[in-house]
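First up is the structure itself, then whatever we jot down about it.
The values are calculated or read from the model by the stated rules, or taken from the named source; none is laboratory data. It should be emphasised that the depicted structure is a prediction, and the values quoted were computed from it without experimental measurement. Cβ placement follows ideal geometry from the backbone for every residue including glycine, while neighbour counts extend to all protein chains displayed.
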Ligand SMILES: [Cu+2]
């Protein structure tokens with residue numbers, strides 16, 4: 001990272017790139033193939049999904065309290081198979097089952113332990129996305145779990161109620177491990193959220209909605225694919241919601257809370273309702289907003305979450321739809337999913353709906369971090385497969401952050417390809433995006449943000465108190481193919497006056513937690 005002033009925008013560079021690409025394609029490719037690739041319509045399943053399957057709801061993970069008063073979960077990664085409605089057994093991976101994993105749930109202040117068992121034939125890891133915790137518990141590439149090994153991270157949950165999630169983060173193989181089915185939700189509760197009149201009865205009026213796009217090959221197996229004109233990673237043509245194809249959800253209450261998670265490896269969605277009715281956005285990655293925000297769309301790039309509340313009338317049906325997301329430029333629109341429309345999930349209201357209280361005008365106070373309290377400002381340029389021109393190196397610490405300090409990071413995307421930024425250990429706030437104050441949906445706690453084209457996002461965050469000069473946290477693009485290709489850096493949290501140490505090389509050193 002470097003500390004520099006504002007940089008010029010580079011729309012010209014992008015335009016030239018697109019023109020060169022078109023010229024090259026027209027000269028080199030066969031005219032027919034090139035024309036088809038350039039002109040073929042985007043995917044559009046609006047109105048074409050038969051919603052034939054009840055939405056699977058991941059079970060709440062059972063837990064026990066050990067003799068130290070800690071809440072203990074079991075989480076075994078394992079291979080399995082599932083018929084996704086194609087009449088074939090698709091080979092999958094899952095936690096405690098064949099696909100995805102149970103929903104972990106804990107209350108702020110609790111100490112948790114997760115006994116992660118690797119029942120897979122290769123190393124993996126489990127990262128607690130959005131969680132504030134010591135780096136050695138974070139589950140990044142330095143906490144690889146070998147086949148047959150158990151890793152038992154433990155930490156005290158100390159952050160506001162939020163919809164977090166967990167997924168593997170092994171070095172260079174995250175896309176494949178998530179794509180095969182390893183992911184699940186981690187819901188945090190707290191007193192403030194519990195005191196509000198919000199739907200919170202899991203599986204009754206409060207549902208996880210984990211959205212993933214997949215490609216199946218002729219044998220019905222999941223296939224990681226590459227696109228000739230965008231190196232965004234796998235874009236699928238079939239949606240799974242909580243692992244269900246063409247799902248519907250029976251709604252029995254006047255208001256239903258959906259915890260949307262973009263669990264896809266590359267695709268960005270712009271969620272709304274098919275009849276364009278407004279809904280209430282009540283929370284983003286790191287917790288509730290100060291007040292419900294009424295809107296018709298919420299854009300989520302890979303890894304981002306949103307909690308929304310939808311109002312239903314008795315007997316009606318309405319689909320959750322993903323509209324074409326604005327990805328920043330015509331090239332991304334064309335080749336990175338920016339023209340695609342998907343019907344996601346049909347909400348089916350019962351003939352009689354249980355009453356639900358009105359949403360409160362206010363939710364929770366969200367302290368704004370004062371920019372004057374920042375001790376360091378860093379610049380991160382995202383381009384190609386690197387950050388500030390560097391590819392991920394497990395042995396290199398890119399930044400040392402003082403425990404508990406506030407920093408501003410200025411993040412600029414320079415290459416016209418969709419990227420987002422995820423920072424481990426923190427929830428940040430957006431100061432400006434493209435020079436403007438954040439819109440309401442980016443004004444709450446975030447840990448992942450889609451980067452604007454040729455422009456800068458300024459974020460501010462207070463780092464945790466868990467100093468460890470040797471074990472780094474990650475920051476990276478959460479388009480998992482890019483992450484695997486090296487668009488990732490490492491920071492350590494240190495005591496005041498302390499320097500960064502040396503991370504363990506190789507990353508396979510931890511088969512047991514502390
Ligand atoms: Cu990226």
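A few remarks follow.
- Selection count where residues are in contact with a helix residue (DSSP H, G or I) (Cβ under 6 Å, 6 or more places away or on another chain), assigned to a strand (DSSP E or B) and within 12 Å of the ligand (Cβ to nearest atom), scope the range 453-489: 1
- Restricting attention to the range 69-87, the residues that are at pLDDT 95 or above, within 15 Å of residue 240 (Cβ to Cβ) and outside any strand (DSSP E or B) total 2.
- From the list 253, 234, the one residue that fits, being crowded, with 18+ Cβ neighbours inside 10 Å and touching a helix residue (DSSP H, G or I) at 6+ places or on another chain (Cβ under 7 Å), is 234.
- Test: residue in the range 155-166 that is out of contact with any strand residue (DSSP E or B) (no Cβ under 8 Å at 6 or more places or on another chain), touching a residue at least 40 places away in the same chain (Cβ under 8 Å) and either surrounded by fewer than 21 Cβ atoms within 10 Å (Cβ to Cβ) or not in a strand (DSSP E or B) (or both): yes
- Against the numbered list (1) in a strand (DSSP E or B); (2) under 22 Å from residue 264 (Cβ atoms); (3) away from the ligand (no atom under 16 Å from the Cβ), residue 441 comes up short only at (1).
- Failed condition for residue 201, given (1) under 18 Å from the mean Cα position of the chain (by Cα); (2) free of Cβ contacts under 8 Å to residues at least 12 places away in the same chain: (1)
- Qualifying residue in the range 257-275 (condition: surrounded by fewer than 16 Cβ atoms within 10 Å (Cβ to Cβ) and in contact with a strand residue (DSSP E or B) (Cβ under 7 Å, 6 or more places away or on another chain)): yes
- Qualifying positions in the range 125-143 - over 12 Å from residue 427 (Cβ atoms) and outside any loop (DSSP other than H, G, I, E, B): 127, 128, 135, 136, 137, 141, 142, 143
- Residue in the range 224-245 that is over 20 Å from residue 46 (Cα atoms), in a strand (DSSP E or B) and either within 22 Å of the chain's Cα centre (by Cα) or within 16 Å of the ligand (Cβ to nearest atom) (or both) present: yes
- Of the residues screened, residue 422 is one that is in contact with a strand residue (DSSP E or B) (Cβ under 9 Å, 6 or more places away or on another chain), within 16 Å of the ligand (Cβ to nearest atom) and closer than 30 Å to residue 198 by Cβ.
- Listed by first and then second residue, the pairs with beta-carbon distance under 8 Å, at least 6 apart or on different chains, first residue in the range 355-374 and over 16 Å from residue 444 (Cα atoms), second surrounded by fewer than 12 Cβ atoms within 10 Å (Cβ to Cβ) and modelled with pLDDT of 95 or more, are 357/197; 358/197; 359/197; 360/197.
- Within the range 376-385, the set of residues being surrounded by 18 or more Cβ atoms within 10 Å (Cβ to Cβ), within 16 Å of the ligand (Cβ to nearest atom) and part of a strand (DSSP E or B) comprises 380, 381, 382.
- When the range 387-422 is filtered for residues that are part of a strand (DSSP E or B) and surrounded by fewer than 19 Cβ atoms within 10 Å (Cβ to Cβ), the ones remaining, listed by number, are 390, 400, 402, 406.
- Restricting attention to the range 335-355, the residues being outside any loop (DSSP other than H, G, I, E, B) and in contact with a strand residue (DSSP E or B) (Cβ under 8 Å, 6 or more places away or on another chain) number 13.
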